[in-house]
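Novice: Quick one: this structure, given as structure tokens, is what I'll be asking you about.
No lab work stands behind these numbers, since they all come straight from the coordinates. What you see is a predicted model; the values in this text were computed from it and never measured. Every residue, glycine as well, gets a Cβ built from its backbone with ideal geometry; the counts of neighbours run over all protein chains shown.
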Amino acid sequence: MSTGPGLESLVDQTISVITNDGRNIVGVLKGFDQATNIILDESHERVYSTKEGVQQLVLGLYIIRGDNILCFSLLQKCCW
């Protein structure tokens with residue numbers, strides 16, 4: 001995965017990361033390196049269940065290896 005020129009613009013923004021094993025981790029991007037290893041702060045995992053809905057497991061400061069990232073995206077705050 002190439003970090004590309006846009007990853008720098010996501011620092012200090014809230015992103016959602018989908019890992020290769022299907023986990024959905026949301027947090028504030030604090031840093032990354034050339035291997036796309038990323039550091040998230042204030043992170044939590046969203047666990048989806050048909051019986052219990054969506055649960056959020058608090059992770060805090062969290063590092064995800066670049067080779068475990070399937071995709072990531074910027075999360076926009078909604079004003080409903």
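Novice: Considering the dipole of the chain built from charges on the beta carbon (Lys and Arg +1, Asp and Glu -1) around the Cα centre, which of L57, N37, I15 is farthest to its positive end?
Specialist: L57
Novice: So which residue, out of T36, T50, T14, gets the largest mean-square fluctuation from a GNM of the chain using Cα contacts under 10 Å as springs?
Specialist: T50
Novice: Another one. With springs connecting C-alpha atoms under 10 Å apart, model the chain as a Gaussian network and identify which of L57, L40, L29 has the largest mean-square fluctuation.
Specialist: For the chain, modelled as a Gaussian network with Cα springs under 10 Å, the answer is L57.
Novice: Mind jotting down the three principal axis lengths of the chain based on Cα atoms? Whole angstrom, largest first.
Specialist: 40, 31, 19
Novice: Within a 10 angstrom radius of the beta carbon, how do D12, D41 rank from fewest other beta carbons to most? Could the numbers behind the result be given before it?
Specialist: On the way: D12 10, D41 15.
By the 10 Å Cβ count, ascending: D12, D41.
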